[in-house]
Amino acid sequence: MKPPVPSPFPFDIRTARKTGGRTDPGSLDEYRLSALRAAVARARRNSPFFRSRLASYPEGFPRSLGEYGALPFTTPDDLAADPYAFLAVPQDEVARIVTARSSGTTGPPKRVFFSEGDLAETRSIFAEGMTALVPRGSGVLILLPGERPGSVGDLLVRGLAPDMEGVLCSCPDADGTLDTIARLRPDCLVALPSQALRLARHPRSSLGRCLSAVLLCSDYASDSLTSAVEDAWGCTVFRQYGLTETGYGGALSCGEGRGMHVMEDGFFFEIVSPGTGELLPDGEEGEIVCTAFRAEGTPLLRYRTGDRGRFIPGDCSCGSFLRRIDVRGRYGNGLALPGGWVPLADLDEALFSLPWLGGYEVRMNGSSPVFFLEVPSLPEGILSLPEDLEREAGKKLRSLPGLDILPPEIGFFLAPPRDAPLAPSKRLVLPENLPNRNG
């Protein structure tokens with residue numbers, strides 16, 4: 001049974017507290033500008049990188065949101081090149097250090113510092129966000145990494161309201177996870193999109209019908225994948241958007257309408273042209289740029305995320321006054337083919353609409369893509385993809401621009417689901433020299 005959507009949305013309440021209860025567009029802009037001034041002043045005062053970058057800017061910058069839009073971007077390369085230049089608290093006040101490689105990227109990793117205040121802010125975001133999914137008193141099963149103190153799963157467990165019970169599940173495979181769901185009967189599951197899909201299309205997926213809500217996070221979730229999980233379990237699927245660099249906060253869906261509501265009390269999002277950096281109007285897709293208002297350990301001003309997205313014009317049917325953002329995966333993750341660039345998000349949308357697919361991996365063999373498809377319903381002992389499924393998958397792929405000129409024999413292999421971990425930490429397109437499929 002689907003849970004009711006809370007009214008008002010939890011982050012409406014959180015944002016209204018910051019604005020003194022005023023929620024009109026003008027008041028929200030006033031709050032954003034005030035929060036940006038405070039974030040800039042703190043970064044200038046405490047971070048060597050921003051002390052240098054902001055040296056020529058007057059005190060009290062920015063005087064308008066438009067003026068803030070003229071500040072140079074901060075990039076992942078900046079952060080990877082010298083993370084200690086961003087450090088804005090004494091080293092003995094660093095509570096956690098995370099070395100992160102963004103979803104879909106293969107460049108050098110970034111080191112992000114979190115103070116105890118940063119971790120407390122993340123726990124607060126998680127606590128209020130979860131009340132949008134299930135009512136107090138609910139049980140939550142969490143598939144995110146949580147072994148280390150301060151890791152995302154640990155922060156979620158410790159951030160839940162006192163009358164919610166959070167349990168970390170470290171089962172390495174789908175069978176063990178479904179057994180845990182059947183034993184604990186949680187109300188809500190928190191998982192990566194690829195984890196949730198494998199469970200939802202597993203032969204024993206009916207064990208998950210006790211779930212009323214599923215939160216998909218830490219990676220892009222296509223509409224087709226979201227629908228597959230909802231159809232399997234009759235639940236409401238929520239999507240969350242956030243980066244390690246922003247303390248995992250950013251935006252959360254409400255269960256109604258499209259897109260995710262921006263957590264306006266703590267984050268300022270912009271959509272810019274990935275080529276020119278020009279600000280784009282609502283409805284137009286570009287690169288997501290983020291500023292976290294209260295980051296202490298590693299402040300980031302106008303941080304280029306590398307993610308594709310747009311602001312959705314108009315109001316949400318849930319009644320929230322918060323802006324909605326629609327995220328479409330990463331610019332840098334996809335297939336470079338003779339017919340053009342094919343984003344991984346487009347592959348997800350097409351392939352996850354196949355009702356028998358539990359997951360896939362794509363690798364480049366020279367200039368040709370090779371697809372490893374997981375079919376949970378096939379009995380053990382089947383070593384190759386059945387011809388009818390291969391034809392169906394090929395038809396889906398050739399419907400995409402850039403893939404319509406693929407050769408008749410697309411490289412398909414059957415991935416053995418029982419030998420694979422429940423989900424990779426990140427979904428990437430990687431080059432690999434592969435043997436001949438008939439070898």
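The values are calculated or read from the model by the stated rules, or taken from the named source; none is laboratory data. As the structure is a computational prediction, the values presented were derived from the model and not from experiment. A quick note on method: Cβ atoms are made from the backbone with ideal geometry, for glycine too, and the neighbour counts reach across all protein chains shown. For the accessible areas, the whole protein counts, side chains as well, though only heavy atoms, and no ligand, DNA or RNA atoms are used. Shrake-Rupley method; radii C 1.70, N 1.55, O 1.52, S 1.80 Å.
With charges set only on the Cβ (+1 for Lys and Arg, -1 for Asp and Glu), what does the dipole of the range 45-137 come to about its Cα centre, in debye to the nearest 20?
Values: 10 positive and 11 negative charges, 34 e Å.
Using Cβ point charges on Lys, Arg, Asp and Glu, the range 45-137 gives about 160 debye.
Against the main long axis of the alpha-carbon atoms of the chain, helix 387-398 sits at an angle near 30°. In order along the range 326-342, the phi-based Karplus estimate (6.51 cos²θ - 1.76 cosθ + 1.60, θ = phi - 60°) of 3J(HN,Hα) comes to 10, 9, 10, x, 9, 5, x, 10, x, 10, 8, 10, x, x, x, 8, 10 Hz; Gly and Pro are listed as x. Quick one: putting +1 on the C-beta of Lys and Arg, -1 on the C-beta of Asp and Glu, what dipole do you get for the chain around its Cα centre, in Debye to the nearest 20? So the dipole magnitude of the chain works out to roughly 640 debye. Measuring nothing but how far apart in sequence close Cα pairs (under 8 Å, 6+ apart) lie, relative to its length, the range 1-155 scores a relative contact order of 20 percent.
What does the C-alpha gyration tensor say about the overall shape of the range 249-341? Classify as rounded when a/c is under 1.5, otherwise prolate if a/b is larger than b/c, or oblate. Since a/c reaches 1.5 but b/c is at least a/b, the shape of the range 249-341 is classed as oblate. Residue by residue, the range 245-261 carries 3J(HN,Hα) couplings of 5, 9, x, 6, x, x, 7, 8, 7, 9, x, 10, x, 9, x, 10, 7 Hz when phi is fed to the Karplus relation 6.51 cos²θ - 1.76 cosθ + 1.60 (θ = phi - 60°); x denotes Gly or Pro.
Coupling constants for the range 67-72 follow from the phi torsions by the Karplus curve (6.51 cos²θ - 1.76 cosθ + 1.60, θ = phi - 60°), and in residue order they are 5, 4, x, 8, 5, x Hz; glycine and proline get x.
When nucleic acids and ligands are ignored and a 1.4 Å probe is applied, residue 285 ends up with an accessible area of around 70 Å². Relative contact order of the chain: 15 percent, from C-alpha pairs under 8 Å at least 6 residues apart in sequence. Simple point charges give the picture: +1 on the Cβ of Lys and Arg, -1 on the Cβ of Asp and Glu, and for the range 1-96 a dipole about the Cα centre of about 300 debye.
Of all aspartates and glutamates in the structure, those lying under 19 Å Cα to Cα from residue 18, and not within fewer than 8 positions of it along the same chain, are 29, 30, 118, 121, 128, 264, 265, 296.
Per-atom-type breakdown for the chain gives carbon and sulfur 52% of the accessible area (1.4 Å probe, protein chains only). Report note on the peptides 12-25, 366-379, 177-190: ranked by the mean count of other C-beta atoms within 10 Å, highest first, their order is 177-190, 366-379, 12-25. The listed peptides 242-250, 325-333, ordered by packing as a protection proxy, come out as 242-250, 325-333 (highest mean of other Cβ atoms within 10 Å first). Note on residue 396: aspartates and glutamates with a C-alpha under 20 Å away, same-chain residues under 8 apart excluded, are 223, 346, 348, 349, 361, 374, 387, 388, 404, 409.
Counting only protein heavy atoms and a 1.4 Å probe, the chain has 43 square angstrom of accessible area per residue.
Pairing the Cα long axis of helix 116-130 with the longest principal axis of the chain, what angle in degrees results, from 0 to 90 and rounded to the nearest 10? Tilt of helix 116-130: around 60 degrees. Relative protection proxy for 82-94, 202-214, from highest mean packing down: 202-214, 82-94 (other beta-carbon atoms within 10 angstrom).
Once both labels are positioned 7 Å from their Cα atoms along Cα-to-Cβ, the gap between residue 184 and residue 276 label points is 5.0 nm. With unit charges on the beta carbon (Lys/Arg positive, Asp/Glu negative), name the residue among 114, 353, 249 whose Cα is farthest towards the positive pole of the charge dipole of the chain. Of the listed residues, the answer is 114. Separation of the range 136-156 and the range 34-65, taken as the distance between their Cα centroids, equals 35 angstrom.
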